[in-house]
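This report concerns only the one structure given below.
Readers should treat all values here as calculations from the given coordinates under stated rules, not as data from a laboratory. All values derive from a computational prediction rather than experimental measurement. Cβ: placed from backbone, ideal geometry, glycine included. Neighbour counts: every protein chain shown.
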């Protein structure tokens, strides 16, 4: 059974606290790793927001559902996953507004991730 971790992307990203989540986006774990923590932010600057999963985990094949505003100025983010198996996975320049379901894929040989709309 796919378990969805309901989290509020809006808390970290929105400029105005009165604005609510306009839409949801699912981040589907298509890696071989279990995500213990999931952070949104900027990899280059090393600035990451709080763990959006809380106490939940996202195992391979499962998804985390994020509520977010859809504001084009806040659509792009880097995504960092801390895994139970040890590796830290980073996807850069992820468009969180381009699709309602995004698959996070990881190539263990090249140590690079890519995102695919589903």
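Things worth noting here:
- Note on residue 22/residue 109: beta-carbon distance plugged into 1/(1 + (r/R0)^6) with R0 of 41 Å gives a FRET efficiency of 0.60.
- Relative packing of 106-116, 85-95, 24-34, 52-62, which averages over residues the other C-beta atoms within 10 Å, highest first: 24-34, 52-62, 85-95, 106-116
- Per-pair calculated FRET efficiency, R0 = 25 Å: residue 59 and residue 93 via Cβ, rounded to 0.05: 0.50
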